[in-house]
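Notes follow the structure.
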Amino acid sequence: MRALAFFSMLCLLLAPANSTGTFVHAAWLRSTPGSFRRNSIDVVEVSHRPDGVGGTESFGQIPILYESDRLLIINKPPGIAHHNDRIQHDDDDDDDMGDQHEPADLGIVNLIRSQRGDSDQRLWGVHRLDRVTSGILILAKDPSMAQALTSSFAKGDIQKVYMGISTKRRPKKKQGWIQGGMVRSRNKSWKLTRDKTTTKNFARTRFFTAPIRCEDEQQTFTLLLFRPYTGKTHQLRVAAKAAGLPLWGDPIYKDGNSAPTTTDVDGEAVGMSVPQPDRTYLHASGILLPPLLDMTEPLAVWCPPPFEDVVKDGGNSIANLMQKHCDVPEILSAMKSST
């Protein structure tokens, strides 16, 4: 599985650059005229924890999806924390780590700075991805852009699309809204409250689903499209669990780690078992930035989810789900231009 993911990433790195435009995607790079400064994807080496649990191994390379004088947008691999990491287990939350843990890997911001060979350059993290989540991560290069991005995220002016996979079959509710207050629960997890009127740590997510058949044609998983309208810790992972579709490989919301089974007349479990994957299947796939500061046009970025080891139809299931339900035409255009 890891080899397939690396091969997919390598294919992206070898893909040619394209001409200027208004969209950015992982295989071809486009930007507003004068803002993109390179003709190829820059990469840096990184070691990380592939499942967010423990152990360090080489992942390979982190593509830079877009760069301007004020913006840096990367494709974050799973298993890397936002802040400098310390050794811990079964948790991808950066909070409350304490001094009793030994220092380990660099966080994504310092990792990019040091491994780009420009450790003196200041980068501002304006939003976060959970340790287990991969995909689009935006960094600002100056305080003015950092402030503008932070304000836009807070006001909901930045549109986001995530993709995920659950081993569960689609429930009766195949799409809809998951919303409520987010509160701490046991074992560093979060849960939704029933109070939909609260304004305290309120999370609001829309989701859509599609069935996907595995290669052996004996199992059906569920592909999820998420449209988060807020940005809370573990929001999409909690939403997936609340929808009855916990994400495959999630180390905290663990009931998505194996496929459902049935029993025979003697009560014995039958059916196919699902191996524990080396990652959580959640990927930040698309984002749309409004014109900020000296940007003259919106910027749409599409980064295909690296789910080829499960979705073996050439990405058709992902494209069909996006075309049917994604309400951000700029992200759709960026996705279509990558095919």
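The values are calculated or read from the model by the stated rules, or taken from the named source; none is laboratory data. Since we're looking at a predicted model, the values are computed, not measured. Cβ coordinates were reconstructed from backbone atoms using ideal geometry, including for glycine residues, and neighbour counts include every protein chain displayed.
Would you check if residue 157 is charged (D, E, K, R), under 28 Å from residue 247 (Cβ atoms) and either surrounded by fewer than 22 Cβ atoms within 10 Å (Cβ to Cβ) or under 20 Å from the mean Cα position of the chain (by Cα) (or both)?
Considered against the rule, which asks whether it is charged (D, E, K, R), under 28 Å from residue 247 (Cβ atoms) and either surrounded by fewer than 22 Cβ atoms within 10 Å (Cβ to Cβ) or under 20 Å from the mean Cα position of the chain (by Cα) (or both), residue 157 comes out as yes.
Could you count how many residues in the stretch 170-189 are within 30 Å of residue 214 (Cα to Cα) and either in contact with a strand residue (DSSP E or B) (Cβ under 6 Å, 6 or more places away or on another chain) or hydroxyl-bearing (Ser, Thr, Tyr) (or both)?
6
Are any residues in the stretch 198-233 surrounded by 16 or more Cβ atoms within 10 Å (Cβ to Cβ), in a loop (DSSP other than H, G, I, E, B) and either touching a Gly at 6+ places or on another chain (Cβ under 6 Å) or modelled with pLDDT of 95 or more (or both), and if so, which ones?
201
Residues in the stretch 90-101: is at least one crowded, with 21+ Cβ neighbours inside 10 Å and modelled with pLDDT under 85?
yes
Being out of contact with any strand residue (DSSP E or B) (no Cβ under 9 Å at 6 or more places or on another chain), within 24 Å of residue 229 (Cβ to Cβ) and not in a loop (DSSP other than H, G, I, E, B), is that true of even one residue in the stretch 307-316?
No; the residues of the stretch 307-316 include none that is out of contact with any strand residue (DSSP E or B) (no Cβ under 9 Å at 6 or more places or on another chain), within 24 Å of residue 229 (Cβ to Cβ) and not in a loop (DSSP other than H, G, I, E, B).
Which of the numbered conditions does residue 147 fail, given that it passes all the others? Conditions: (1) closer than 27 Å to residue 252 by Cβ; (2) free of Cβ contacts under 8 Å to residues at least 12 places away in the same chain; (3) in the same structural domain as residue 66 (by TED's automatic domain parsing).
For residue 147, the failing item is (1).
Listed residues 337, 317; which is over 17 Å from residue 162 (Cα atoms) and buried (at least 16 other Cβ atoms within 10 Å of the Cβ)?
337
Considering only residues of the stretch 111-128 that are assigned to a loop (DSSP other than H, G, I, E, B) and modelled with pLDDT under 80, which is nearest to residue 150 (Cα to Cα)?
Filtering the stretch 111-128 for residues that are assigned to a loop (DSSP other than H, G, I, E, B) and modelled with pLDDT under 80, the one nearest to residue 150 (Cα to Cα) comes out as 121.
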